[in-house]
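Following: one structure in structure tokens, then a few remarks.
The values are calculated or read from the model by the stated rules, or taken from the named source; none is laboratory data. Please read all numbers here as calculations on a predicted model, not as lab measurements. Note that each Cβ is placed from the backbone with ideal geometry, even for glycine, and that neighbours are counted across all protein chains shown. We work out accessible area using only protein heavy atoms, side chains counted, and drop any ligands, DNA or RNA first. Shrake-Rupley method; radii C 1.70, N 1.55, O 1.52, S 1.80 Å.
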Amino acid sequence: MMPYSSLRAAGSMLLVTALLSGCDSTEEALDTSAAETVVSPTEGRDVVAHYANIALATYEDALTTAKALKEASLQLVDNPSEETLELARAAWIAARVPYQQSEVFRFGNPVVDDWEGQLNAWPLDEGLIDYVQTTHYDYEMGNDGALANIVSNTELTVNGEKLDLNTLTPQLLADLNELGGSEANVATGYHAVEFLLWGQDLNGTAAGAGNRPASDFAKGDACTGGHCERRSQYLITSLDLLITDLEYMTQQWQPGVEDNYRSELLSEPVEQGFRKMLFGMGSLSLGELAGERMKVALEANSTEDEHDCFSDNTHNSHFYNNLGIRNVYTGQYQRVNGNVITGPSLADLVATASKDEAIMIITRFDQSHDALQKLVDSAEKEGVFFDQLIASGDDKGNQLVKSAISSLVAQTSAIEEAASLIGIQQLNPDTADHQF
């Protein structure tokens with residue numbers, strides 16, 4: 001499921017520019033002024049259409065693995081044991097592989113950006129969802145929902161308003177997101193499920209992930225943590241919502257549908273399609289991945305800002321985020337069944353414009369791939385995970401993360417150079433207020 005080195009695309013280079021997250025609106029961040037590209041309309045349309053094909057395949061795989069995660073979770077709640085808990089956790093990690101590659105479509109495509117918070121919002125105040133050990137719990141000051149514990153409470157009062165939580169439904173959980181106006185109140189999505197499967201990570205920057213016992217899902221007297229049946233209900237209900245959300249997004253990228261997002265994208269001028277592709281790549285590479293997901297956590301030595309903090313899966317999340325950027329550039333995507341789809345790409349256009357520059361650009365992508373692979377190797381070969389690498393005083397670990405950040409900065413510059421080679425200018429880069 002994770003053939004890291006074999007996923008390196010051989011041959012073609014990458015394209016385009018685009019920048020960074022942190023904008024209030026991706027539509028406002030994109031410069032929609034006309035540009036004279038050096039690409040024929042037919043070539044351009046083929047590249048944008050294949051971009052949509054990759055998006056569809058990625059979301060289909062995210063949906064498939066989410067359904068597998070629900071099946072594994074049903075086995076857990078029906079027959080709680082350490083074995084079924086580990087199988088559910090493995091299914092969660094597998095589900096993250098395609099989803100993390102899909103995040104490159106978020107920036108530049110409003111239909112994705114407006115939708116993804118319900119699936120992937122973080123960091124979260126996990127006390128909203130279930131019990132926590134308060135002596136090891138840093139939460140947003142003034143957040144009335146930080147200790148709400150939906151699993152154990154059937155009603156909740158926020159800002160003087162009493163909420164009925166007796167029946168957990170997908171819509172109720174969705175409505176609890178950003179409860180009381182706090183973005184730290186995340187009731188749904190991959191990270192809510194992650195917390196339910198792993199529990200709190202009480203180890204800080206020391207070794208170890210969350211260690212929720214399987215008995216937290218047991219029935220009767222075997223139940224630990226209290227309210228086990230309701231915890232099980234929360235887990236399955238949140239997965240039902242996740243699957244519904246992914247079904248919606250796969251429909252947005254289906255071909256032959258008149259009023260979905262794919263048809264809208266393909267009806268736009270080719271250069272606007274290129275801009276969206278490049279903006280997504282650059283934004284994820286620099287503002288989001290290098291900045292929000294790595295630089296923030298490193299500078300604060302904060303495991304609270306670690307992406308997959310309960311499971312210690314952050315190294316994979318970062319790796320697959322970056323792989324998603326490469327997928328768009330090279331026009332290649334390896335599906336979860338092992339099949340590889342290929343097609344016309346930005347990399348092909350860049351290579352046509354300048355073979356020498358194309359080699360330089362793909363080299364930058366190779367370097368970022370290798371730098372993020374080192375984070376994977378540190379975790380999976382040496383047992384030193386991202387939350388340990390960002391610890392204060394760990395010069396070796398800190399340097400490993402700094403090198404990954406630097407490689408992403410260089411990759412973004414290469415994306416900008418690629419954009420200029422195909423005639424895309426004025427991409428209005430945004431660093432998400434990070435200084436690199």
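Against the test of being touching a residue at least 24 places away in the same chain (Cβ under 8 Å), surrounded by 16 or more Cβ atoms within 10 Å (Cβ to Cβ) and farther than 24 Å from residue 167 by Cα, the options 265, 246, 197, 242 yield a single qualifying residue, 265. Of all residues in region 154-180, those that are small (Gly, Ala, Ser) have Cβ atoms under 7 Å from Cβ atoms of residues that are in a helix (DSSP H, G or I), 6 or more apart or on another chain, in 174/118; 174/241.
Counting the residues of region 172-194 that are small (Gly, Ala, Ser), over 24 Å from residue 65 (Cα atoms) and either crowded, with 16+ Cβ neighbours inside 10 Å or touching a Leu at 6+ places or on another chain (Cβ under 6 Å) (or both) gives 3.
Residue 106 meets the stated requirement of being surrounded by 20 or more Cβ atoms within 10 Å (Cβ to Cβ), charged (D, E, K, R) and within 16 Å of the chain's Cα centre (by Cα).
Has region 414-426 got at least one residue that is out of contact with any helix residue (DSSP H, G or I) (no Cβ under 6 Å at 6 or more places or on another chain), modelled with pLDDT of 95 or more, crowded, with 17+ Cβ neighbours inside 10 Å and assigned to a helix (DSSP H, G or I)? So far as region 414-426 goes, no, none of its residues is out of contact with any helix residue (DSSP H, G or I) (no Cβ under 6 Å at 6 or more places or on another chain), modelled with pLDDT of 95 or more, crowded, with 17+ Cβ neighbours inside 10 Å and assigned to a helix (DSSP H, G or I).
For region 312-330, taking the residues that are part of a helix (DSSP H, G or I) and polar (S, T, N, Q), the one that is farthest from residue 397 (Cα to Cα) is identified as 330. Please verify whether region 141-152 includes one or more residues that are assigned to a loop (DSSP other than H, G, I, E, B), within 23 Å of residue 212 (Cα to Cα) and among the polar types (S, T, N, Q). Yes, the conditions are met somewhere in region 141-152.
Could we say that residue 152 is touching a His at 6+ places or on another chain (Cβ under 7 Å), open to solvent by 20 Å² or more (accessible area, probe 1.4 Å) and among the hydroxyl-bearing types (Ser, Thr, Tyr) here? Here the answer is yes, as residue 152 does meet what is asked.
Condition check: in a loop (DSSP other than H, G, I, E, B) and not polar (S, T, N, Q). Does residue 192 satisfy that? Considered against the rule, which asks whether it is in a loop (DSSP other than H, G, I, E, B) and not polar (S, T, N, Q), residue 192 comes out as no. If the condition is being open to solvent by less than 20 Å² (accessible area, probe 1.4 Å), of a type outside the set (Gly, Ala, Ser) and within 18 Å of residue 286 (Cα to Cα), then region 363-396 contributes 365, 369, 372, 375.
Against the condition surrounded by fewer than 18 Cβ atoms within 10 Å (Cβ to Cβ), modelled with pLDDT under 95 and farther than 28 Å from residue 173 by Cα, how does residue 258 come out, does it pass? Answer is yes for this residue.
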